[in-house]
Amino acid sequence: MMRIEVFILKRKTEDGINEYDREKRAENTRICVDYVYEYFNKYLETAAGEEKTVRHDKKIAKYAVIVRKYSAEVREWLIDIYTSHGKYLQRTLPTYIKDPYFLLYDSEAEFRALSDEVYPKALERYKFLEGHTEMIYLFLKDRHRICSLFSEEGELPYVNESIDDWVKNTYMEHEFNIYSFCDAYLETFLAAPDKWPEGHKKKSKDYDKYRGSDLWYKVIPSLLYDYDYTQKDNLFGLDTLYRNMPKKSFVDGKKQELEAILMYYYCCEWNQLEQYWEEYSEKLP
C-alpha cells in the first residue's frame, strides 16, 4: 500500500503534470486536491480490499497444504468449509471418534455406523454441516486411510522378519496398519495410569516432589507414575485389549505379535530402552 506522497507522485507522473508551469497553477492545484480525495476515498479502500484478498488467498493456500493428504473430493470439501466458515474440520471432526478400535476398521458397515454417530454431534456444533452426511462419511474413511499410512520417510519399524511380513501383508490386503494402531493405543494407555494393574505401576522420580505440593491435583497422572515394562503378564493391558478388540481375521491368534509391537514402540519410540528391547526380542519365536 502506497503512502500518500508516493501516490500523488505516481498520479502526477501518469497525468504529465508540470508543477513549475505558472500558467497552470490554478488547474494544477485543483488536480492535486483531486489526487488527495482520490487517495483517501478510492485508493485506500481498494488497496485494503486487495490486500485482504491476498492475505485470504494465502491462508487458503496454506490450508490446502495442511489437508494435502486427503483425497481430492474430501480436500475440496474441507477447503470450501474453511473458505466459507473459517473452520478446521480436519482437527475437530476426529474428536468425535470415540471408538478406540477405529484404526481396525476395514468394512463399509463400520464406517457408515461411525458416520451415523459423528454426524449429529458435528451438526449440533456446526449448523452449516446439515446435509453433509456423505462428506462426513468420506472424511472418516479418508482419515482412517491417512492414519494408516506408513512413514513418509519410508522407514518402517523392524520387530522381526515374520512380524514385519505380517504387518505388510495385512496392509496390502486390508489397508490396515497394525503399527499405527499399536502406536495410537500405547499413547492412550500410557496417559491413563489409573487403569494400569497395581503391579504394573511404579512411582516416578517426581512423585514425591508433586505429592507434597499444591500442584498435586493439577499434575498430569502420567507424570506421577512409570509403567513397569518388565512385567511378564498382561503387558500394556493386552489381555483386555485383545479380548475386546473386533474379531478380525488378520489379528486372530496374533496376541504375541501385538505384544511384541507394543514393546518395540515402548522401548524404541517412546523411551530409550534399546538394550531391554534387544533382550526381549531375542526371546521372540
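General remarks:
- Amide N of region 100-142 lying under 16 Å from the label point, which is placed 7 angstrom from the Cα of GLU76 along Cα→Cβ: 134-136, 138-139
- The chain: angle of helix 108-125 to the longest principal axis, Cα-based, in degrees nearest 10: 50
- From the coordinates shown, P(r) over Cα pairs in 10 Å bins from 0, in percent corresponds to which of (1) 7, 27, 34, 20, 9, 3, 0; (2) 5, 22, 34, 28, 9, 2, 0, 0; (3) 5, 19, 20, 18, 13, 7, 7, 6, 4, 1, 0: (3)
- Per-residue Karplus couplings for region 226-235, computed as 6.51 cos²θ - 1.76 cosθ + 1.60 with θ equal to phi - 60°, are listed in order as 10, 7, 8, 6, 8, 4, 9, 10, 6, 4 Hz, Gly and Pro entered as x.
- Translational diffusion of region 161-281, estimated by Stokes-Einstein from the Kirkwood radius over alpha carbon pairs at 37 °C in a medium of 0.692 mPa s, is 207 µm² per second.
- A straight Cα-to-Cα reach below 22 Å connects LYS209 with the lysines LYS201, LYS218, residues fewer than 8 places away in its own chain not being considered.
- Subtracting the Cα-Cα distance of ASP206 and GLU173 from their residue separation scaled by 0.36 nm leaves 7.3 nm.
- Label-to-label distance, nm, for residues given as ASN271 and LEU284 (7 Å Cα→Cβ offset): 1.8
- Under-5 Å amide H pairs with TYR225, H placed in peptide plane, nonlocal only: SER204
- Using C-alpha pairs below 8 Å separated by at least 6 residues, the relative contact order for the chain is 12 percent.
- Taking every alpha-carbon pair under 8 Å whose residues sit at least 6 apart, region 161-281 reaches a relative contact order of 23 percent.
- The chain: calculated mean residue ellipticity at 222 nm from DSSP helix runs of at least 4, using -39500 (n - 2.57): -17000 deg cm²/dmol
- Distance between the pseudo-spin-label points of TYR101 and CYS147 (7 Å out from Cα toward the beta carbon): 1.4 nm.
- For region 172-177, backbone phi angles converted through the Karplus equation (6.51, -1.76, 1.60; θ = phi - 60°) give residue-by-residue couplings of 5, 8, 10, 6, 10, 9 Hz, Gly and Pro being listed as x.
- Globularity ratio of region 73-116, using Cα Rg and 2.2 N^0.38 Å: 1.36
- Inter-site label distance for ASP233 and PHE250 at 7 Å from Cα along Cβ, in nm: 3.2
- Among the listed pairs LYS195/LYS255; LYS59/LYS87; LYS62/LYS87, those beyond 18 Å (Cα-Cα): LYS195/LYS255
Every read-out reported here was derived from the displayed coordinates using simple, explicitly stated rules and does not represent laboratory data. Since this is a predicted model, take the numbers as computed values, not measurements. Cβ: placed from backbone, ideal geometry, glycine included. Neighbour counts: every protein chain shown.
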